[in-house]
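To start, the structure itself, in structure tokens.
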There are 4 protein chains.
Amino acid sequence: MIVVMKQEATGAQVADVTARVEQLGCQVHISEGKERTIIGIIGNGRPLDREQFERMDGVERTVPILRPFKLAGRGFHPQDTVVTVNGVQIGGRQLVVMAGPCAVESREQLLATAHVVKEAGAHVLRGGAFKPRTSPYSFQGLGDEGLRILAEAREQTGLTVVTEVIEPQMVSLVATHADILQVGARNMHNYALLHAVGESQRPVLLKRGMMSTVEELLMAAEYILSHGNNRVILCERGIRTFERYTRFTLDISAVPLLKQLSHLPVVVDPSHGTGKWELVEPVSRAAVAAGADGLIVEVHPHPEDALSDGAQSLRPTRFAALMQSLRPVVEAVGRTL
Amino acid sequence: MIVVMKQEATGAQVADVTARVEQLGCQVHISEGKERTIIGIIGNGRPLDREQFERMDGVERTVPILRPFKLAGRGFHPQDTVVTVNGVQIGGRQLVVMAGPCAVESREQLLATAHVVKEAGAHVLRGGAFKPRTSPYSFQGLGDEGLRILAEAREQTGLTVVTEVIEPQMVSLVATHADILQVGARNMHNYALLHAVGESQRPVLLKRGMMSTVEELLMAAEYILSHGNNRVILCERGIRTFERYTRFTLDISAVPLLKQLSHLPVVVDPSHGTGKWELVEPVSRAAVAAGADGLIVEVHPHPEDALSDGAQSLRPTRFAALMQSLRPVVEAVGRTL
Amino acid sequence: MIVVMKQEATGAQVADVTARVEQLGCQVHISEGKERTIIGIIGNGRPLDREQFERMDGVERTVPILRPFKLAGRGFHPQDTVVTVNGVQIGGRQLVVMAGPCAVESREQLLATAHVVKEAGAHVLRGGAFKPRTSPYSFQGLGDEGLRILAEAREQTGLTVVTEVIEPQMVSLVATHADILQVGARNMHNYALLHAVGESQRPVLLKRGMMSTVEELLMAAEYILSHGNNRVILCERGIRTFERYTRFTLDISAVPLLKQLSHLPVVVDPSHGTGKWELVEPVSRAAVAAGADGLIVEVHPHPEDALSDGAQSLRPTRFAALMQSLRPVVEAVGRTL
Amino acid sequence: MIVVMKQEATGAQVADVTARVEQLGCQVHISEGKERTIIGIIGNGRPLDREQFERMDGVERTVPILRPFKLAGRGFHPQDTVVTVNGVQIGGRQLVVMAGPCAVESREQLLATAHVVKEAGAHVLRGGAFKPRTSPYSFQGLGDEGLRILAEAREQTGLTVVTEVIEPQMVSLVATHADILQVGARNMHNYALLHAVGESQRPVLLKRGMMSTVEELLMAAEYILSHGNNRVILCERGIRTFERYTRFTLDISAVPLLKQLSHLPVVVDPSHGTGKWELVEPVSRAAVAAGADGLIVEVHPHPEDALSDGAQSLRPTRFAALMQSLRPVVEAVGRTL
């Protein structure tokens, strides 16, 4: 960390900062410029608290040097992490496609969708049993029954199942029915939940918050990793901007950036990322070309009847067409589908 | 709601939409323009699901007409709600000042702060026992012990106590020690938590998410209100933008906007809203002038030793100066301090 | 357009709105709901002024129905526009690659770059003679001399030349030396400049403002088109968001969205869009996969000596590698390079 | 500036950076940490080019230490600048109120407005003769005739006149009719225009771009100051965010922040900043309480007939009420109206 002193800082103030640094067991390098003094701090391995220094008299600001994440970083773990679950390898050579409805609405709806996405080549079935909805008057999911329907679909199709968990105390229940636990965008900062999934034995699909930085996403992954669960899959799903024609702005650069900063697999959600089914196919191709390890796509047998997110769901025939259209791009980047 | 048909929509597609509207028990008004047909839907009181229509063939988009919140809106409850707790009236004529450290760090720190803020004229003591922190390596709060220290401070000073609750199952524990339950910005979308505080008997200080619109804040309030707790206090605490000199961008317009849209009291957090103690005083004055019913300000006896958010905390002398500087503005808008 | 009346609006207020609509030669459709009256306006072809209605007594808000652009829209011109310049077809089957330094710094630098990008397969040479820079102390470009150097490079290599024009009165000068006029992101809202390039005979590369919506980009194109120049190429180059690891957030969804809304060709700038040369290759592949008609990439023979934007420029060898890596993706989407 | 080397950087790479620093006539301070080497550069007064270093092998990133603005900064000019024009002092003890219509629409409209705002206590008359509009089909202003009408209003009322200039070559024309030249938000990055107004003898009202940082606003002021015009008035007018109930998000913290960083006067535009006339009064009070030196408010005799921005314009009676409501707040912060 670097401490930038104010132009008018006194020698005594510089000495105070120096003393505090040494008290923390760190080394000091002082650079006295024409306009101001800069104090470099060589840490002892533990992250330093910037604010502690920013409040000292004579200090203008501090500048962090090291990235705040460790376990999630490439420095700590240079080779790619491949999350293997139920025979599916996420982060390997194969592009993994997760597909299914936003919410489990009925046994018929889910089983029908499961069969069509399986047939079209999907590897993982998605579907929410517990839905965090902005309005208390919207459909909140089927709950336990939804979990049982997902488990039945898994049995029938052999698909791996991912579903969202929204409360710490539900983790064990959800883990008995699902293969992968999803932490949704609205819960990326729910540390109690991150703690709970970190202690579970299930892989976790961690979605980026709609207003969270790439660094914060990696810090959320760090929470899970630091509680002992190293099977974390990152998911870019669009961030909030001033643009209004799309529901969110999918941050495509985040895909190669995350792959460079971290060893964890990266999946893209083009359905939430755009909010419009017409954009799902081109954006899916873009995600694959940018290096994503997988996609998570909303498919609904009758989008116009969907109880949530219908506008961004693909009909089964369009999902099959998407899989066809992906194949040449997948091969162009040296992967398999 | 209004359904805008595509330019090339067929008569059959218009008929399909019409049929669905009638099936939902709503009335239809069709306007056939030169370029396209517009279908107005007169609802039956229940909110309509836009996505259901957006996915129908021939539909270009839908346009909501009514605000999605009911219980939180002025229409439902025209007169101001005044939340009375422990003798303090929030939303009345008096400007309510909540002050204290970001986190309870020790008995000494909290009691010292409680006494100085009380003396300077604060009405409510703030302090976090459970801290949601971006990094798993940062101080996470004293937990239960922090709650007991807060309760002791209340006993010694008579101050009303507000503290954050971060998990649904903690609500009853926190409610036994604190007067007001705070739902933090990172948890504004944590619906399980909103549900839990909605069933509690304690007033709730609901902070706007750093990524949330004014409408979403009111919808989060709606969750709490719809579970039976009508003592909700809204809090503007800054939103995330591209500006980098401040930690967040405090949305001052949200204060009069919330007062116009809703009957609930509105409090402003200038400490998180700016992230810089130098800006707390002018922004506090602005909040009062804009019509805020209260302020929540971070005060720490030794900000440079603070375990969190030191850079935005006021020293006791500066807090006392803030209270002095607020008084003429409070009077200028016809309130008392 | 739709006018939503306030809940408490009187019959006289509804009548006032109706009278004004009819005065404008438009038709009225009134829908009286339980909670409020909605007035649909069937226009006469000309766009209506929403604000005029929003300020009338009893009006809550207005809702636009039609997109505000005409000439730039698909409705007006269903087939793709192909801009042909100097033998290069932009918007056709071939992916067009524009490459070169951010700024023309010297004859040697530009000619060297021109030859290497030509050899690697680029079709268009980019390079700024006039540079809009945030700081008055930064390099502002070589001016006229830069234009002459660009013209010489065109003669030597046969490459088509695109360069930025920053003032209306410079348009004719720049048009004598360059094949394509670039309107930069900071000038997308400079209407005097849009007017001037609209009256020129040269194709225009119009970059999206870093703060501009897709709709505003299309409206800026509308300015140029409405002044008689129908050879406009749109360019997505990243928008400003809260994310700090990248310089801008490249809006990949804007590519298919613009192709759906408009008939104009769409080019992507992965260099400015990310600000990091390490991200240029994956993001370029993503742009092609999403349907971009071209790329505009910064290449500098010695990025560490570049007078501007060095951090996002590719070395010649890396540019050659990019071209190689693009080829399979270009073919996967059915195009040629 | 500080250069952070990569973890795997070699000694030779560190030596290369060092050599380049010395070549620029700057001093080097090297700090070798456990994980990486940090190189501090003590400049020679001129700003350093970060990108030059960021592209060198072995460099991870650079960190600026000094603010990039000089002439606009408090360090250069510690005492407040007071811009005196036509007897009005902007930046002094008196709060300066600028008022008038968005656009000059007719002689009658402007003269009527001028008289009512004068009577209500405004000091400066605003009104646009040249209007930058998003749509080519919207009213673009009366042009020269508008300027003559403004000059007539000045003669009749004695009010100082501010009007927007949108092209460099118009500066001298506008300067013959107006007292203060306004550079609009869409032109904050129009460097040719900043250059031109920098060479004029008129004070300049410089509006913050809707997506520009505080630092960029100060850099735009730096352009004007560096061309010899030191009478610059900064204007906060709202920035673009994801919030949709208001047209922009007024950044209230920018007011005290600009006053701390710069010696230039700061004015707030609550009309554009909110886009809703209902919010103008509370936000104006907030701006005064936050330390603004002035306000610029849209007033229109018949907002429902306004050719632009009617929704945010005050009627004359509401403007008079605003002036009354401001008075106690102005006095509360020790100023006069």
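Read-outs: derived from the displayed coordinates by stated rules, not from any lab. These numbers were taken from a predicted model, which means no experiment stands behind them. Glycine also receives a Cβ, built like all others from the backbone with ideal geometry; neighbour counts cover every protein chain displayed.
Report, as a whole number in µm² per second, the diffusion coefficient that Stokes-Einstein gives for the range A:216-278 at 10 °C and 1.306 mPa s using the Kirkwood radius over alpha carbon pairs. Don't skip to the answer; put the middle values down first.
Values: Rh = 12.7 Å.
The Stokes-Einstein estimate is 125 µm²/s.
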**Fill in**
Mean separation of Cα contacts under 8 Å (at least 6 apart) over the residue count of chain A, i.e. the relative contact order in percent, is 16 percent
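Rounded to the nearest 5, what % of DSSP beta bridges with both residues in chain B are antiparallel? Kindly include the intermediate steps, with their values, before the conclusion.
Working: 18 of 46 bridges.
So the antiparallel bridges amount to about 40 percent of the total.
In percent, what relative contact order does the range B:1-109 have, based on Cα pairs under 8 Å that are 6 or more apart in sequence?
Numbers: 124 pairs, mean separation 29.8, N = 109.
After rounding, I find 27 percent.
Would you mind getting the Kirkwood hydrodynamic radius of the range B:1-147 from its Cα pairs, rounded to one decimal in Å? It would help to have the intermediate numbers written out before the result.
Details: mean 1/r = 0.0484 Å⁻¹.
Value: 20.7 Å, from the Cα pair sum.
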**Message:** Using Cα springs under 10 Å in a Gaussian network model of chain C, which residue among C:Thr163, C:Thr84, C:Thr37 shows the largest mean-square fluctuation?
**Reply:** C:Thr37
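Fewest Cβ neighbours within 10 Å first, please rank A:Phe53, B:Phe319, A:Phe76 accordingly. Intermediate values should be presented prior to the final figure.
Working: A:Phe53 24, B:Phe319 28, A:Phe76 12.
Fewest to most other Cβ atoms nearby, the residues stand as A:Phe76, A:Phe53, B:Phe319.
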**Request:** Kindly write out, for the range A:143-155 in residue order, the coupling ³J(HN,Hα) from the Karplus curve 6.51 cos²θ - 1.76 cosθ + 1.60 (θ = phi - 60°), rounded to whole Hz, with x marking Gly and Pro.
**Result:** x, 3, 4, x, 4, 5, 5, 4, 5, 5, 4, 4, 4
**Request:** Would you calculate the volume per residue, in Å³, of the smallest convex hull containing every Cα atom of the range D:145-225?
**Result:** 86 Å³
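For chain D, give the magnitude of the charge dipole about the Cα centre (Cβ charges: +1 Lys/Arg, -1 Asp/Glu; no others), in debye to the nearest 20. Present the calculation step by step, with values, prior to reporting the outcome.
On the way: 35 positive and 37 negative charges, 100 e Å.
My answer is approximately 480 debye.
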**Loop-resident sites, the range B:1-72, for GluC sites (Glu not before Pro), counting at most 15 other Cβ within 10 Å (DSSP)** = B:Glu8, B:Glu35
**Item:** A:Ile296 long-range amide H proximity, modeled H, under 5 Å
**Value:** A:Met98, A:Val268, A:Asp269
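Treating only the Cβ of Lys, Arg, Asp and Glu as charged (+1, +1, -1, -1), what charge dipole size does the range D:26-172 show about its Cα centre? Round to the nearest 20 debye. Please report the intermediate quantities before stating the final value.
Details: 17 positive and 17 negative charges, 83 e Å.
Around 400 debye, computed over the range D:26-172.
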**Prompt:** Can you name the residue in chain C whose Cβ lies closest to the C-to-D rotation axis, and give that gap in whole Å?
**Reply:** C:Met211, 1
**Message:** Positive end of the dipole of the range D:196-337, charges at C-beta (+1 Lys, Arg; -1 Asp, Glu), about the Cα centre: which of D:Pro203, D:Leu314, D:Val329 has its Cα farthest in that direction?
**Reply:** D:Val329
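Which order results if B:Met56, A:Met98 are arranged by neighbouring Cβ count within 10 Å, fewest first? Could you put the intermediate results ahead of the total?
Values: B:Met56 19, A:Met98 28.
Result, fewest neighbours first: B:Met56, A:Met98.
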**Request:** Every other copy gets compared here: list the nm distances from the A:Gln94 label point (7 Å along Cα to Cβ) to its counterparts, shortest first, one decimal.
**Result:** 4.1, 6.7, 7.9
**Request:** Over the alpha-carbon set of the protein assembly as shown, work out the extent along each principal axis and list the three values in angstrom, largest first.
**Result:** 79, 75, 75
**Fill in**
The convex hull of the Cα atoms of chain A, divided by residue count, gives a volume in Å³ per residue of 158 Å³
**Fill in**
GNM on chain B, Cα springs under 10 Å; top mean-square fluctuation among B:Ile149, B:Ile296, B:Ile65 goes to B:Ile65
**Net dipole in debye of the range C:108-226 [+1 Lys, Arg Cβ; -1 Asp, Glu Cβ; about Cα centre; nearest 20]** = 220 debye
**Prompt:** Could you list log10 I(q)/I(0) for the range C:153-311 at q = 0.12 Å⁻¹, which the Debye formula gives when each Cα is one point scatterer?
**Reply:** -0.51
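Which trypsin sites (Lys or Arg not before Pro) in the range D:86-179 sit in a loop by DSSP (not H, G, I, E or B) and have at most 15 other Cβ atoms within 10 Å of their own Cβ? Write down the numbers at each step before the final one.
Numbers: sites: D:Arg93, D:Arg107, D:Lys118, D:Arg126, D:Arg133, D:Arg148, D:Arg154; in loops: D:Arg93, D:Arg133.
Listed in order of number, the matching sites are D:Arg93.
For each of A:Lys6, B:Lys131, count neighbouring Cβ atoms within 10 Å of the residue's Cβ, then give the residues from fewest to most. If you can, show how the numbers build up before the last one.
Details: A:Lys6 14, B:Lys131 22.
Exposure proxy ranking, most exposed first: A:Lys6, B:Lys131.
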**Message:** As I understand it, the value is the acute angle between the Cα axis of helix B:316-332 and the longest principal axis of the Cα atoms of chain B; what does it come to in degrees, rounded to 10?
**Reply:** 50 degrees
**Prompt:** What nm distances, shortest first, do you get from the label point of A:His227 to those in the other copies when the point sits 7 angstrom along Cα to Cβ?
**Reply:** 2.0, 5.8, 5.9
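Let me have the 222 nm mean residue ellipticity of chain A computed from DSSP H runs of 4+ only, each contributing -39500 (n - 2.57), with the sum over all residues rounded to the nearest 500. Working shown, then result.
Working: 11 runs with 118 residues, N = 337.
One gets -10500 deg cm²/dmol as the mean residue ellipticity at 222 nm.
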**Message:** Using only the alpha-carbon atoms, how far is helix B:214-226 inclined from the longest principal axis of chain B? Give it as 0 to 90 degrees, nearest 10.
**Reply:** 80 degrees
**Request:** Give the long-range amide H neighbours of D:Ile233: residues separated by 5 or more places, or on another chain, with amide H under 5 Å away, using H modelled in the peptide plane at 1.01 Å from N.
**Result:** D:Val204, D:Leu205, D:Leu206
**Prompt:** Placing a label point 7 Å from Cα toward Cβ, how far apart in nm is B:Leu24 from its equivalents in the other copies, listed shortest first to one decimal?
**Reply:** 2.7, 5.6, 6.1
**Percent of beta bridges antiparallel (DSSP, the protein assembly as shown, rounded to nearest 5)** = 40 percent
**Fill in**
Comparing D:Leu257, D:Leu48, D:Leu173 in a Gaussian network model of chain D (Cα, 10 Å), the one with the largest mean-square fluctuation is D:Leu48
**Asked** In degrees from 0 to 90, rounded to the nearest 10, what is the angle of the helix B:11-23 Cα long axis to the longest principal axis of chain B?
**Response** 50 degrees
**Asked** Each residue of the range C:100-116 in turn: what ³J(HN,Hα) in whole Hz from Karplus with 6.51, -1.76, 1.60 and θ = phi - 60°, glycine and Pro shown as x?
**Response** x, x, 4, 10, 6, 9, 6, 4, 4, 4, 6, 4, 4, 5, 4, 5, 5
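Restricting to the range B:82-173, compute how many DSSP beta bridges are antiparallel as a %, nearest 5.
Antiparallel: roughly 35 percent of the beta bridges in the range B:82-173.
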**Request:** Would you kindly derive the ³J(HN,Hα) couplings of the range C:63-72 from the backbone phi angles with the Karplus curve 6.51 cos²θ - 1.76 cosθ + 1.60 (θ = phi - 60°), listing them in order in whole Hz, with x for Gly and Pro?
**Result:** 10, x, 10, 8, 5, x, 9, 10, 4, 7
